[in-house]
Amino acid sequence: MLQTIVVTLLTLAILVAVHEFGHFWVARRCGVKVLRFSIGFGKPLLSWSDRSGTEYVVAGIPLGGYVKMLDEREGPVPDELVEQAFNRASPRSRIAIAAAGPLANIVLAVFVYWLVFLNGVSGVAPVVSKVDVGSLAEQAGITAGQEFLTVDGEPTPTWEALQMQLLERIGENGEVHFTMRSADTDVVTENVVTLSDWMHDIEEPNPVRELGVTLFVPEVVPKIETVVAGSPAQLGGMQTGDLVVAADGQSMGTWQEWVEYVRQRPEESVSVLVERDNRQLILNITPERKLDDESHAYGYVGVGVAMPAWPESMQRTMQYGVVGAAVAAVDKTWKMSAFTLSSIKKMLMGLLSPKNLSGPITIAKVASSSVQYGFFAWLTFLALLSISLAVLNLLPIPVLDGGHIVYALVEWATGKPVAEQVQVWANQLGLVLVVFVMVFALYNDVLRL
């Protein structure tokens, strides 16, 4: 829990600081006076001022931030500072100031992806292990042993690349063209799948599964890598390196079989045959009784599995130089921005289930779990979240940056500012819409708990 809180706050603080710095930096260069730069809301925990009179604040509620500029609409402005008021700035300057926050998040995403690509990107080839009978994949002639090479002409060298290409087709109709290679013969085939409102009503879409495909995963044998101190396994004599051969005389060929056998026997003594140093031993272990989220009892012994290595032929590692990483980072940021915008469009059109909308709880869980996979996994999540923040803020909704851009564009085109009363009504409507979306996203989070 502590890790989740710390990582989430750090992630949000970075995103907000970069976003607000974009507004701050451009506002100053457009001659607009910045009164306050705040990370967080509420009572200031830390504050200081510079020679220009800008107050910098770290506030107690770290769920956002803001840049407060001098504005005649928010209070009296001294005559000598009138020309520095935001409302007196030209429409072009106001557009630049409003767009600077999202643009800063885009720049952050490019920089973060650049670091990720510079470090190198690895993954495993998407090779088909099984095709479900009657599935879309079977109808298209896809068979076990084939590797996905491209989807609609886009290369899919890894699981992640395949998933992303398929996610772009959620809710759509029409054909998807696959290029497949058979491992044994290196024969390349073209396979076509026809979609019809594909996965539009699925809450947590898994496109590969919905195709009816199971991708190859090395068989995980029940060889013990870790034993938790004080656990039933340790008390029963189990050690690191033990291979579970059988339980109560029943053969345990895979790790999953062993896990399921244990889970079904809380507080029941289990006779476990293990192989250790080329000899076999019988251990008596009594799984501890635990409860899952739905208060169902299950057995727990406290061991971790030794994960098998992927075949070298299936490992994909992409290394980039400084320039190549920059090009890849820009391309990745562009594609993820387009994907985010497309997903919003599909959700509004009813082609994508709104239950996919996530809020702060899901963000916290994903941020925390990404750290467990390593620093670069967290960086990738940070970049994705930064892109989402940028795209959402550019939507033409009053109270968001996109709404301010629309006001300025109207004034630029007509030569007259949008009536103040119209702005008030529009901002109130926009605020209601934003709050509704936030509450709905939080509701989805709670349902996922």
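The values are calculated or read from the model by the stated rules, or taken from the named source; none is laboratory data. Given the structure is predicted, the values throughout are model-derived calculations rather than measurements. All Cβ positions, glycine included, derive from the backbone under ideal geometry; neighbour counts span all protein chains shown. Surface accessibility is based on the protein's heavy atoms, side chains included, excluding ligands, DNA and RNA. Shrake-Rupley method; radii C 1.70, N 1.55, O 1.52, S 1.80 Å.
Out of Val116, Val112, Val128, one residue alone is in contact with a Leu (Cβ under 8 Å, 6 or more places away or on another chain), farther than 30 Å from Glu20 by Cβ and crowded, with 19+ Cβ neighbours inside 10 Å. It is Val128.
Take Val57 and decide whether it is free of Cβ contacts under 8 Å to residues at least 12 places away in the same chain and within 30 Å of Tyr407 (Cβ to Cβ). Explain how you work it out, then say what you get.
Values: free of Cβ contacts under 8 Å to residues at least 12 places away in the same chain: no; within 30 Å of Tyr407 (Cβ to Cβ): yes.
No; evaluated as a whole, the condition is false for this residue.
Of the set (1) free of Cβ contacts under 8 Å to residues at least 12 places away in the same chain; (2) in a strand (DSSP E or B), all apply to Phe148 but (1).
Could you please let me know if Leu392 is open to solvent by less than 60 Å² (accessible area, probe 1.4 Å) and out of contact with any strand residue (DSSP E or B) (no Cβ under 8 Å at 6 or more places or on another chain)? So Leu392 fails the test. Scanning the range 420-438 turns up no residue that is open to solvent by 50 Å² or more (accessible area, probe 1.4 Å), part of a loop (DSSP other than H, G, I, E, B) and at pLDDT below 90.
If the condition is being surrounded by 15 or more Cβ atoms within 10 Å (Cβ to Cβ) and out of contact with any Leu (no Cβ under 7 Å at 6 or more places or on another chain), then the range 223-234 contributes Ile224, Val227, Ser231, Pro232, Ala233, Gln234. Check whether at least one residue in the range 122-134 is closer than 18 Å to Val188 by Cα and assigned to a helix (DSSP H, G or I), and report yes or no. Checked the range 122-134: no residue is closer than 18 Å to Val188 by Cα and assigned to a helix (DSSP H, G or I).
Just checking, which of Glu190, Glu147 is charged (D, E, K, R), farther than 22 Å from Ile387 by Cα, at pLDDT 90 or above and open to solvent by less than 70 Å² (accessible area, probe 1.4 Å)? Before the answer, list the steps.
Details: Glu190 fails: open to solvent by less than 70 Å² (accessible area, probe 1.4 Å).
Answer to the selection: Glu147.
Is it the case, given these coordinates, that Phe178 is open to solvent by less than 70 Å² (accessible area, probe 1.4 Å), touching a residue at least 40 places away in the same chain (Cβ under 8 Å) and touching a strand residue (DSSP E or B) at 6+ places or on another chain (Cβ under 6 Å)?
Details: open to solvent by less than 70 Å² (accessible area, probe 1.4 Å): yes; touching a residue at least 40 places away in the same chain (Cβ under 8 Å): no; touching a strand residue (DSSP E or B) at 6+ places or on another chain (Cβ under 6 Å): yes.
The answer is no for Phe178.
Go through the residues of the range 208-229 one by one and say whether even a single one is within 17 Å of Tyr300 (Cα to Cα), out of contact with any helix residue (DSSP H, G or I) (no Cβ under 9 Å at 6 or more places or on another chain) and without any contact (Cβ under 8 Å) to a residue 24 or more places away in the chain.
The answer is yes, given that some residue of the range 208-229 is within 17 Å of Tyr300 (Cα to Cα), out of contact with any helix residue (DSSP H, G or I) (no Cβ under 9 Å at 6 or more places or on another chain) and without any contact (Cβ under 8 Å) to a residue 24 or more places away in the chain.
Within the span defined as the range 42-51, every residue fails to be in a helix (DSSP H, G or I) and among the basic types (Lys, Arg).
Scanning the range 63-91 for residues that are touching a residue at least 60 places away in the same chain (Cβ under 8 Å), assigned to a helix (DSSP H, G or I) and surrounded by 13 or more Cβ atoms within 10 Å (Cβ to Cβ) yields a count of 1. Of all residues in the range 1-17, those satisfying the criterion of being closer than 28 Å to Ala89 by Cβ and crowded, with 21+ Cβ neighbours inside 10 Å are Leu15, Val16.
Within the range 30-48, is there a residue that is open to solvent by 40 Å² or more (accessible area, probe 1.4 Å) and among the hydroxyl-bearing types (Ser, Thr, Tyr)? Scanning the range 30-48, I find at least one residue that is open to solvent by 40 Å² or more (accessible area, probe 1.4 Å) and among the hydroxyl-bearing types (Ser, Thr, Tyr), so the answer is yes.
Out of everything in the range 236-266 that is over 23 Å from His296 (Cα atoms) and out of contact with any strand residue (DSSP E or B) (no Cβ under 8 Å at 6 or more places or on another chain), what residue ends up being modelled with the highest pLDDT? Among residues in the range 236-266 that are over 23 Å from His296 (Cα atoms) and out of contact with any strand residue (DSSP E or B) (no Cβ under 8 Å at 6 or more places or on another chain), the one modelled with the highest pLDDT is Gln250. Count of the range 259-291 residues, restricted to those that are open to solvent by 50 Å² or more (accessible area, probe 1.4 Å) and in a strand (DSSP E or B), is 9.
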